[in-house]
1. For segment B:154-171, how many residues are open to solvent by less than 20 Å² (accessible area, probe 1.4 Å), more than 8 Å from chain A (Cβ to nearest Cβ) and assigned to a strand (DSSP E or B)?
2. Determine which member of the set B:Gly139, B:Gly151 is open to solvent by 30 Å² or more (accessible area, probe 1.4 Å), within 14 Å of chain A (Cβ to nearest Cβ) and at positive phi.
3. Across segment A:124-136, what is the number of residues that are surrounded by fewer than 17 Cβ atoms within 10 Å (Cβ to Cβ) and either charged (D, E, K, R) or away from every other protein chain (no Cβ under 14 Å) (or both)?
4. For residues that are more than 10 Å from chain A (Cβ to nearest Cβ), open to solvent by 10 Å² or more (accessible area, probe 1.4 Å) and within 17 Å of A:Ser90 (Cα to Cα), tally how many sit in segment B:105-123.
5. If you scan segment B:98-142, which residues turn out to be part of a strand (DSSP E or B) and either touching a Pro at 6+ places or on another chain (Cβ under 8 Å) or of a type in the set (Lys, Arg) (or both)?
6. Any idea which residue in segment B:200-255 is most open to solvent (accessible area, probe 1.4 Å), counting only those that are hydroxyl-bearing (Ser, Thr, Tyr) and over 16 Å from the mean Cα position of the chain (by Cα)?
7. Considering only residues that are open to solvent by 50 Å² or more (accessible area, probe 1.4 Å) and more than 19 Å from B:Gly122 (Cα to Cα), look in segment B:36-80 and name the one that is nearest to the other protein chains (Cβ to nearest Cβ).
8. Is it true that A:Lys33 is within 16 Å of A:Val144 (Cβ to Cβ), away from chain B (no Cβ under 11 Å) and modelled with pLDDT of 95 or more?
Number of protein chains: 2
Amino acid sequence: MDKLYVIKIGGNIIDDEEKLDQFLSAFSSISEKRILVHGGGKLATELAQKLAIPQQMIQGRRVTDLETLKLVTMVYGGWINKTIVARLQSKGVNALGLTGADAGIIKAHKRIAGEADYGFAGDVDEVNAPLLFEFLERGLTPVVAPITHDGRGQLLNTNADTIANSIAQAFSSRAEIHLIYCFEKEGVLGNIHDEASVIPQINSDNYHQLVDAGAIAGGMIPKIQNAIAAIDAGVSQVSIGKAENLHLIISGKSGTSIS
Amino acid sequence: MDKLYVIKIGGNIIDDEEKLDQFLSAFSSISEKRILVHGGGKLATELAQKLAIPQQMIQGRRVTDLETLKLVTMVYGGWINKTIVARLQSKGVNALGLTGADAGIIKAHKRIAGEADYGFAGDVDEVNAPLLFEFLERGLTPVVAPITHDGRGQLLNTNADTIANSIAQAFSSRAEIHLIYCFEKEGVLGNIHDEASVIPQINSDNYHQLVDAGAIAGGMIPKIQNAIAAIDAGVSQVSIGKAENLHLIISGKSGTSIS
């Protein structure tokens, strides 16, 4: 069975020219198949401010009105995606930038959550893994922006973590998947103030203990729950760690591994 | 030999919601292989004004500084490209949005013109026709934004007419190509004030006559010269006409045909 890495990076890497370049070099040197999923960065926030697009929140979640959808499609699907693609091309990787609309690779639906209207925010329905797999077989490396579509002509703003997770799950019957979430810390920390306190392994046995002890808290809870869901769906391994340590995460020497 | 349509649309269609939708429906109903190339529109100019990005011109040509490159990559490669892709998906066309950097389909170099520095403006070197052909064979319809790359990590702003022309030429040995430039008029007009004065046919025989008579003048001269160059390079047919008349242009009942 083929090995496939699905790697997600966020704003902390995208916004740092030098770190991004180092990460993309490390990414380029992976000899197995890989898909890169990226989130946004400061540019979207900066532009929203300059263009005076108000940021509306409902229960801590951003509402994607039409102006915000335009903005994120421009920034994520345009500038960030194409910058990464061009950079990877220069490193010998035949990168192909995609939103979910391109080649219909990710279909989603407008989020409906009780009375709340999150605007053009999309929840993933389906990933076209066979076509993504063909791209990989052809030597192309998909670089996926966090924008999807509903198949009826509407673009939707979709969480990049969710996209990475959905792609990983969709491939689980075709390849041995290692899903890697890069974020700003060394891994899931036992003590949030101590970067050396990385918990090397989380599984369904110690998960509840760690939640009870407060080591897994706040925004980390849904992250780990999604990771466990991916494992349950057949993903071989999920890791969380620092983009700078990509190769160490791959070899199991850095980050938190969820299985 | 396969038939392939390479069709270019510009701002006059992109900026008009209804006309764009009608055009995309007509485009969708073409049963042969097709590639769509799009230019920009008002949004780029509007955003440049709102963000106070100064527009510098040298000898009538826009200079692409870094801020302008960001802007056009966001608007052309992001919003316009993905809006068209999502719209085509809803019409049953498996559209794949591409800049020249994606899958390395169009390599260019930074324009050097004597002493003048046009910034990040790119002139096309090479189109990866074999890979575009594979996409077409796979049932995908490329939608190409006027952004290229130099292979060394640099994105470049490239004229959409030139991109359409380069793609058509690159395919000329593989398919019977009909290159169609859509613009705001019915065709090349004998009398600029009379939409009924379309010159149905231009060839190397009557071209110089038409230039001498003033019927082909100004910005139309390089357009026709490029069309003739495409024919010389093996493109079967080049047409210029109104996007609204796409099917009439295809059947030779509207627009100007250059051969």
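1. 1
2. B:Gly139
3. Matching residues across segment A:124-136 total 3.
4. Of the residues in segment B:105-123, 3 are more than 10 Å from chain A (Cβ to nearest Cβ), open to solvent by 10 Å² or more (accessible area, probe 1.4 Å) and within 17 Å of A:Ser90 (Cα to Cα).
5. B:Leu98, B:Lys107, B:Lys110, B:Arg111
6. Once the filter is applied, the top-ranked residue is B:Ser204.
7. B:Lys50
8. yes
The values are calculated or read from the model by the stated rules, or taken from the named source; none is laboratory data. Predicted, not measured: the structure shown is a model, and the values here were computed from it. Cβ atoms come from the backbone with ideal geometry, glycine included; neighbour counts cover every protein chain shown. When the accessible area is computed, the model is the full protein with side chains, heavy atoms only, and any ligands, DNA or RNA have been set aside. Shrake-Rupley method; radii C 1.70, N 1.55, O 1.52, S 1.80 Å.
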